[in-house]
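The values are calculated or read from the model by the stated rules, or taken from the named source; none is laboratory data. Predicted, not measured: the structure shown is a model, and the values here were computed from it. Reconstructed Cβ throughout: ideal geometry from the backbone, glycine too, with neighbour counts over all protein chains shown.
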Amino acid sequence: MKIMLTGSRGMLGRTLVQHLSEHTVFLSDRGNGDITNAQAFFALMKDVRPDAVVHCAAMTTVDLCETKEDEAFRVNALGTSNVAAACYQYGARLLAVSTDYVFDGNLNKPYHEFDVPTGGINVYGQSKWAGEQAIRTHCPNHIIARTSWLYGEGGPSFVHTMLRLADRSQTQLKVVNDQVGNPTSVTAVAVALKRLIERPELVGTFHISCEGAASWCEFAREIFRLAGSGMQVISCTSEEYPMVARRPHNSQLEKKMLRLYGLPSMPNWKQALREFLERGRF
């Protein structure tokens, strides 16, 4: 299968390249496939003619999206719209990566694929939700794969930040305890995406975050424990640790679609984190 991969230089993109080695993969990035330039991206699609496009390109720094709203919507909404329209035009299946942040976080249980997002509470979530809507409008043959709290080889990620702090002289760290989600390895996401790519009859929205939930505080404690660090993690509230963009209090994702289709479940987040740290390739 010929697959075009947008955002190929990003953390998830780099990992996907390794997992799709048995396919012919065309790597697209800003240099040769700017998704915000519709004319250029259509020309690229016409030239490459892929069977499928895995769309990982996005503006994902949440606080930066908040301060550069137009750029966030240009990449995450307009850029995704261009990709979806080009896929439809040239008959390619589209698999697009989205986020837990399309939900506002007010539900008292994990969100499944049939819960209707509000667009979230920050610009990042709103721009990704706009991109999802564009996909549904322009390209019926699609999968939207939502994931959350990603970390992986090369970073950047929360895990990398914690590991850097573990090497410093400080002995205490405050981390919020009232935001709960699914810490997720990009390796687990790459494996799940490969399965979805190779099932051409599947369409719709799938959640592919790791199983099990944690607060950022619990996530940090597990990172330091596995790294053998004596860092003391002190819990605090979001109000005590304000950031530019608001974060949802609950961004847990239920994997209902994987279950309904009888697909393999995602690994537990603690197991995936342990395997990542044991590999030693940060």
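Brief remarks follow.
- Considering the conditions (1) under 25 Å from residue 69 (Cβ atoms); (2) of a type outside the set (Ser, Thr, Tyr); (3) modelled with pLDDT of 95 or more, residue 119 is excluded by exactly one of them, (3).
- From the list 83, 17, 75, the lone residue that is modelled with pLDDT of 95 or more and closer than 21 Å to residue 188 by Cα is 17.
- Checked against (1) touching a Leu at 6+ places or on another chain (Cβ under 6 Å); (2) of a type outside the set (Ser, Thr, Tyr); (3) in a strand (DSSP E or B); (4) more than 24 Å from residue 256 (Cα to Cα), residue 26 passes all but a single condition, namely (1).
- Filtered by the rule that a residue be surrounded by 18 or more Cβ atoms within 10 Å (Cβ to Cβ), under 18 Å from the mean Cα position of the chain (by Cα) and farther than 15 Å from residue 8 by Cα, the range 34-74 gives 62, 65, 72, 73.
- Index of the failed condition, residue 276 passing every other in (1) out of contact with any strand residue (DSSP E or B) (no Cβ under 8 Å at 6 or more places or on another chain); (2) surrounded by 17 or more Cβ atoms within 10 Å (Cβ to Cβ); (3) hydrophobic (A, V, I, L, M, F, W, C): (1)
- For the range 226-255, filtered to residues that are under 27 Å from residue 266 (Cβ atoms) and of a type in the set (Gly, Ala, Ser), the residue that is surrounded by the fewest Cβ atoms within 10 Å (Cβ to Cβ) is 228.
- Against the list (1) over 22 Å from residue 117 (Cα atoms); (2) assigned to a helix (DSSP H, G or I), the condition residue 264 fails is (2).
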